[in-house]
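A.B. asks: Have a look at this one before I ask anything.
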Amino acid sequence: MVKLDPSAPSAEEHAKRALTKWRYLQWRDTTTSTTTLGLRIEGIMMEDGSIRRDFRRVQSLSQVTETLLNFTGSQPETLKAYRSRLLTLNKALKSSPFFRTHEVIGSSLLFVHDCDKANVWMIDFGKTTPLPDSRELQHNVSWVEGSKEDGYLIGLTSLISSLTQALGTASCRQRDGCRAEKPVT
């Protein structure tokens, strides 16, 4: 935290030269798109094999969209496949008894594509836990300490919106007369 923003720790945290993991995770969420969009890009392996992990500055929907365009090489078919898969996943999650009765913490979406196909999978369920009572979660409510709501569908909806914007931009870029520099809004 101090490396990224020396002013982020409180006076007490500076004096102790320590902070809790909980505090660090809360702060980290505010420095990425987690707080505003319900999602965060952790890493991308590009077509050339290079790995990118520095996405702290990606905070807005338009920045996520540009990242997706870069990752997919602005290929409309790849973007369509990803969007279609996420729409199907969204529908399945909303009707899933398992999803309604489990808190999904730390799960990720794995995006994989090549020149012929693209798909997305939910992965990393190590911290997913069943609710201790008969209550059900909505997953479209922002996280608040103690609520068990994880906001999973908020992030998924943001990602679908970003893919929709990326698809529009990529399609425009492929048509004659549409300049590649056109900004995403």
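No lab work stands behind these numbers, since they all come straight from the coordinates. For clarity, every value in this text was computed on a predicted model and none was experimentally measured. Backbone-built Cβ (ideal geometry, glycine too); neighbour counts: all protein chains shown.
A.B. asks: Modelled label-to-label distance, LEU110 and LYS21, 7 Å Cα→beta-carbon offset: nm?
C.D. replies: Rounded to a tenth, the inter-label distance reads 2.3 nm.
A.B. asks: Moving to a separate point now. What aspartates and glutamates does LYS3 reach when the alpha-carbon gap must be under 19 Å and sequence neighbours fewer than 8 apart in one chain are set aside?
C.D. replies: Cα-Cα hits under 19 Å: GLU12, GLU13, ASP29, GLU42, ASP54.
A.B. asks: Between the range 9-36 and the range 110-144, how many Å separate their Cα centres?
C.D. replies: After rounding, the separation between the Cα centres reads 25 Å.
A.B. asks: Further question on the same structure: Checking the cross-link filter: which aspartates and glutamates have an alpha carbon closer than 12 Å to that of LYS94, excluding same-chain neighbours under 8 positions apart?
C.D. replies: Within the straight-line cut-off, LYS94 pairs with GLU136.
A.B. asks: What is the magnitude of the charge dipole of the chain about its Cα centre, with +1 placed on the Cβ of each Lys and Arg, -1 on the Cβ of each Asp and Glu, and no other charges, expressed in debye to the nearest 20?
C.D. replies: So the magnitude is around 120 debye.
A.B. asks: Taking N as the number of residues in the chain, what is its Cα Rg relative to 2.2 N^0.38 Å?
C.D. replies: Working: Rg = 18.5 Å, N = 185, 2.2 N^0.38 = 16.0 Å.
So the chain has a normalised radius of gyration of 1.16.
A.B. asks: Which of the trypsin sites (Lys or Arg not before Pro) found in the range 53-106 are in a DSSP loop and have at most 11 neighbouring Cβ atoms, other than their own, within 10 Å? Intermediate values should be presented prior to the final figure.
C.D. replies: Details: sites: ARG53, ARG56, ARG57, LYS80, ARG83, ARG85, LYS91, LYS94, ARG100; in loops: ARG53, ARG56, ARG57.
Listed in order of number, the matching sites are ARG53, ARG57.
A.B. asks: Within the chain, what is the longest stretch that has no GluC sites (Glu not before Pro) placed in a DSSP loop and near at most 13 other beta-carbon atoms within 10 Å? The partial results should precede the final answer.
C.D. replies: Working: sites that count: GLU42, GLU47, GLU136, GLU145, GLU181.
Looking at the chain, 48-135 is the longest stretch - no exposed GluC sites (Glu not before Pro) with at most 13 other Cβ atoms within 10 Å.
A.B. asks: While we're looking at this one, here's another question. Just to be sure I understand the model, the point goes 7 Å from the Cα along the line to the Cβ. What's the resulting THR36 to LYS117 distance in nm?
C.D. replies: 3.6
A.B. asks: Right, next: Could you name the aspartates and glutamates whose alpha carbon sits less than 13 Å from that of LYS127, not counting residues in the same chain fewer than 8 places away?
C.D. replies: By straight Cα distance, LYS127 reaches GLU103, ASP150.
A.B. asks: Projected onto the charge dipole of the range 81-124 (+1 at Lys/Arg Cβ, -1 at Asp/Glu Cβ, origin at the Cα centre), which of ILE123, GLY106, LEU89 gives the Cα projection farthest towards the positive end?
C.D. replies: LEU89
A.B. asks: Right, next: Kindly point out which whole DSSP H helices in the chain project their C-alpha atoms 24 angstrom or further along the helix axis while averaging a Kyte-Doolittle hydropathy of 0.0 or above.
C.D. replies: Details: long enough: 76-94 (27 Å, -0.54); 152-174 (33 Å, 0.66).
The qualifying helices are 152-174.
A.B. asks: If you filter the range 125-170 for trypsin sites (Lys or Arg not before Pro), then keep DSSP loop positions with at most 12 other Cβ within 10 Å, what is left? Let's see the in-between values first.
C.D. replies: Numbers: sites: LYS127, ARG135, LYS148; in loops: LYS127, ARG135, LYS148.
Counting only loop positions with at most 12 other Cβ atoms within 10 Å, the trypsin sites (Lys or Arg not before Pro) in the range 125-170 are LYS127, ARG135.
A.B. asks: Under the rule of -39500 (n - 2.57) per DSSP H run of 4 or more residues, summed and divided by the residues of the chain, what mean residue ellipticity at 222 nm is obtained, to the nearest 500 deg cm²/dmol?
C.D. replies: Working: 7 runs with 78 residues, N = 185.
Theoretical 222 nm ellipticity from helices: -13000 deg cm²/dmol.
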